[in-house]
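Notes for the one structure printed next.
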Amino acid sequence: MNLETSKNIGGIGAILMFIGVLPFFTYSGIISLIGLILVLVAAKGFADHYKESGIFNNAIYAIIIAIVGGIITASVAIIALVSFFGELGLDFTNAQDWSALSAIDWQTVGLDLVIRSLGSIILILVLVWVFAILAAFFVRKSLGLLSAKTGVSLFGTAGILMLVGAVIPVFGLLLIWVALLLLAIAFFSVRTTPTQSATPVATQAQV
């Protein structure tokens, strides 16, 4: 895959990720996933072209961390929910019967259960935050290498915004969204042909 193809695929992929987070699209999740795959394909193409494996490897590390983090966070959330409903006397045999919820005397629910439930929620949020920062760190490394190899500083700017966005709760999501737009612009800004240097004009020796 040549450099021109890599930049176009990367730019299109970043645009799909940018619009995929908007709530106006029915299949926004699928659009974002397709965009992510295209960006990874482009990262592989750039890594091969510049012979810098870190461009692709760091992006893969970020994906792996995000997947592992999602699995761990989901597992903790499921365990917390099962424990919570178990404390209320609900299990798999009657959990589908919503009338069981109305039979619960919420005034008798102990403060200890409420505190443990809040602790579980905080733990889940912390896990999401930590894994998001770790994934963004490797994305930053990948885009930093890409910026150094292509000479397009917007890659580095997008990487920094993603890392800062992962560190800052809630508001950071806006920074990550803006970073995706900058990433698309950065891909399309890559020069696929070397710039021609000016040929020095030979001066004639005066007699």
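The values are calculated or read from the model by the stated rules, or taken from the named source; none is laboratory data. Since the structure is predicted, the reported quantities are computational estimates derived from the model, not experimental observations. Reconstructed Cβ throughout: ideal geometry from the backbone, glycine too, with neighbour counts over all protein chains shown.
Couple of notes before you dig in:
- Selected residue (only one of ILE72, ILE67, ILE60, ILE34 is without any contact (Cβ under 8 Å) to a residue 24 or more places away in the chain and farther than 24 Å from SER147 by Cα): ILE67
- Residue under evaluation MET1, criteria (1) in a helix (DSSP H, G or I); (2) in contact (Cβ under 8 Å) with a residue 40 or more places away in the chain, criterion not met: (1)
- Beta carbons closer than 6 Å, at least 6 apart along the sequence or on distinct chains, pair a first residue in the stretch 112-134 that is modelled with pLDDT under 85 with a second that is surrounded by 14 or more Cβ atoms within 10 Å (Cβ to Cβ) and not polar (S, T, N, Q) for LEU113/GLU87; SER117/PHE84; SER120/ALA80.
- Exclusive hit being over 19 Å from VAL128 (Cα atoms), under 15 Å from the mean Cα position of the chain (by Cα), modelled with pLDDT under 95 and assigned to a helix (DSSP H, G or I), set GLY35, GLY69, GLY45: GLY35
- Every residue from the stretch 48-66 that is under 15 Å from ILE133 (Cα atoms) and among the aromatic types (Phe, Trp, Tyr): TYR61
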